[in-house]
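The values are calculated or read from the model by the stated rules, or taken from the named source; none is laboratory data. Note that the structure is a prediction, hence the values are computed from the model and not measured. Because the Cβ atoms are built from the backbone with ideal geometry, glycine has one as well, and the counts that use them run over all protein chains shown. For accessibility, only protein heavy atoms count, side chains too; no ligands or nucleic acids. Shrake-Rupley method; radii C 1.70, N 1.55, O 1.52, S 1.80 Å.
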Amino acid sequence: LEYDFDHNSENHRRGIETTWASMRELEVLPYSRAHNGFYVVTRYEDVAYAARNPEIFSSAQGIAIPDLHVDFRLLPLETDPPVHREYRRLLNPFVTHDHVSRFEPIIREVASDLIGRLEQRIGGNPDIDFVALFAMPFPGRVALKFLGFPEDAAPVLDELLNTIVDLRGTDAARAAAGSLHTYIEGFLESHRTRPLNCDVILSAIAHAKIDGARLSPAQQNSLTTLLLFGGFTTTTFALSCAMHWLASHPQDRQRLSGHPELLPLAVEEFVRFASPGTYLGRTVTRDTELRSTQLKKGTRVLLSYGSANRDESVFARADEIMLDRAPNRHLGFGYANHSCLGVHLARLELRLALQLLLSHLGDFEVDRSREIRWSSGETQGMTTLPLTVRMKN
Ligand code: HEM
């Protein structure tokens, strides 16, 4: 059944819940002709099935539809088992709950510094863009510290990333991607020439071996790039979604301010609702069937974690946020072998940021006179969130 569906079109995300709901009703998989054609997987159980069977639904041919046409694959995202397991094994010690907890003071410091600037700004003018002033810079700064980059890398990386994202497909974006690669390579090279420091991810990557063989500089670069950027816009969009909801639902805001112990459940619910990792592509490796639809080898499918997370057969009142929803088996951090490597860091960042924002800011509401803009593509969320914020007395 054909649908006019393109997740890359401008403002795709606005009102998409209605389309998702009608797609989930179908007895077959909906098909889109966009980008040489692909099926969209929207029901929770189908998305989970595909994610659980990477030998049929492969990530190795790229997770972007259309393909990004860059000359490298993102590691470990765009690999399949068994090699995928090796990359995960390499990175796992750095992403455990315990390792990540060590960064709590640093994350607090980054959040407090940004809130300090926000308060200064609000003193002069209560109308702010929450994304530009907090949700965007916060995860970027944390990621640099987490990976072991120096502080002055921030403006350089910001500039390169903005060019790559805003000007995608142009020569300028390709040049920026090349500069990013060279910039990261410089840090990796300096770690290669120094002894291994097991506490620093960059050092571990620079010295890493799989089956006794050192990773190539390109592999090391790709692992670093994904660790650096995997948590950028995803965390930004989860945060802006949370603040949008709290700005529009004062009772929930008061409840969460008064009961910070609810934050861990609320964070899961915000991630379910926002589903920033909205669409991830897979390629079918052999003829197979899903939702009464024959899929030929080589067919591309788009897993919609966003739609799966609104599936009413799993989540009651799926289109609403229930701060203390439990159980909450959402797929916002993915599922099975590719499930988010940065999940503990993301949870900690979101919990601390929301806790500090709620305790420092006074009332805030969405400023309806200014527009909210959305990104399109694989990762989706608000790229602007106009808020009017009052200072706490
Ligand atoms: C709220 C924030 C975040 C969300 C919603 C999110 C979401 C996701 C999702 C849905 C996937 C699965 C991709 C797939 O199935 O193909 C994923 C994978 C991944 N994420 Fe996150 N992520 C977040 C934060 C982070 C952070 C902070 C980091 C970095 C430390 C990170 C690093 C990664 C990596 C490296 C993978 C690939 C894992 C693999 O292929 O085995 N993410 N993430």
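Summary of computed values
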{"item": "Index of the failed condition, PHE273 passing every other in (1) within 16 Å of the ligand (Cβ to nearest atom); (2) in contact with a Leu (Cβ under 6 Å, 6 or more places away or on another chain); (3) not polar (S, T, N, Q)", "result": "(2)"}
{"item": "Any pair with Cβ under 6 angstrom, 6 or more apart, that starts in segment 266-293 at a residue that is in contact (Cβ under 8 Å) with a residue 24 or more places away in the chain and at positive phi and ends at one that is assigned to a helix (DSSP H, G or I) and within 13 Å of the ligand (Cβ to nearest atom)", "result": "SER275/TYR305; SER275/GLY306"}
{"item": "Whichever residue in segment 315-340 is of a type in the set (A, V, I, L, M) and open to solvent by 30 Å² or more (accessible area, probe 1.4 Å) and, among such residues, is farthest from the ligand (Cβ to nearest atom)", "result": "ALA316"}
{"item": "Tally, over segment 343-392, of residues that are assigned to a strand (DSSP E or B) and either within 16 Å of the ligand (Cβ to nearest atom) or open to solvent by 40 Å² or more (accessible area, probe 1.4 Å) (or both)", "result": "7"}
{"item": "Single residue of ASP80, ASP113 found to be more than 22 Å from GLU151 (Cβ to Cβ) and acidic (Asp, Glu)", "result": "ASP80"}
{"item": "Test: residue in segment 160-170 that is of a type in the set (Gly, Ala, Ser) and buried (at least 19 other Cβ atoms within 10 Å of the Cβ)", "result": "no"}
{"item": "Conditions (1) more than 16 Å from the ligand (Cβ to nearest atom); (2) in a strand (DSSP E or B); (3) surrounded by 12 or more Cβ atoms within 10 Å (Cβ to Cβ): number failed by LEU280", "result": "(1)"}
{"item": "Spans of helices (runs of 4 or more DSSP H) in segment 92-166 with at least 2 residues touching a strand residue (DSSP E or B) at 6+ places or on another chain (Cβ under 9 Å)", "result": "104-124"}
{"item": "Test for LEU246: is it in contact (Cβ under 8 Å) with a residue 60 or more places away in the chain, under 17 Å from the mean Cα position of the chain (by Cα) and closer than 30 Å to SER307 by Cα", "result": "no"}
{"item": "Residue match in segment 319-329 (condition: out of contact with any helix residue (DSSP H, G or I) (no Cβ under 7 Å at 6 or more places or on another chain), closer than 28 Å to VAL142 by Cβ and assigned to a helix (DSSP H, G or I))", "result": "no"}
{"item": "Selection within segment 7-29 - surrounded by 12 or more Cβ atoms within 10 Å (Cβ to Cβ), in a helix (DSSP H, G or I) and of a type in the set (D, E, K, R)", "result": "GLU17, ARG24"}
{"item": "Residues within segment 228-240 that are surrounded by fewer than 24 Cβ atoms within 10 Å (Cβ to Cβ) and either more than 9 Å from the ligand (Cβ to nearest atom) or farther than 14 Å from GLY381 by Cβ (or both), tallied", "result": "3"}
{"item": "Single match in ALA173, ALA208 (criterion: more than 24 Å from the chain's Cα centre (by Cα), surrounded by fewer than 22 Cβ atoms within 10 Å (Cβ to Cβ) and over 28 Å from PHE270 (Cβ atoms))", "result": "ALA208"}
{"item": "Answer residue from segment 30-68, given it is in a strand (DSSP E or B) and open to solvent by less than 40 Å² (accessible area, probe 1.4 Å) and is farthest from THR283 (Cα to Cα) among those", "result": "SER32"}
{"item": "Test: residue in segment 98-113 that is within 13 Å of the ligand (Cβ to nearest atom), open to solvent by 60 Å² or more (accessible area, probe 1.4 Å) and out of contact with any Leu (no Cβ under 8 Å at 6 or more places or on another chain)", "result": "no"}
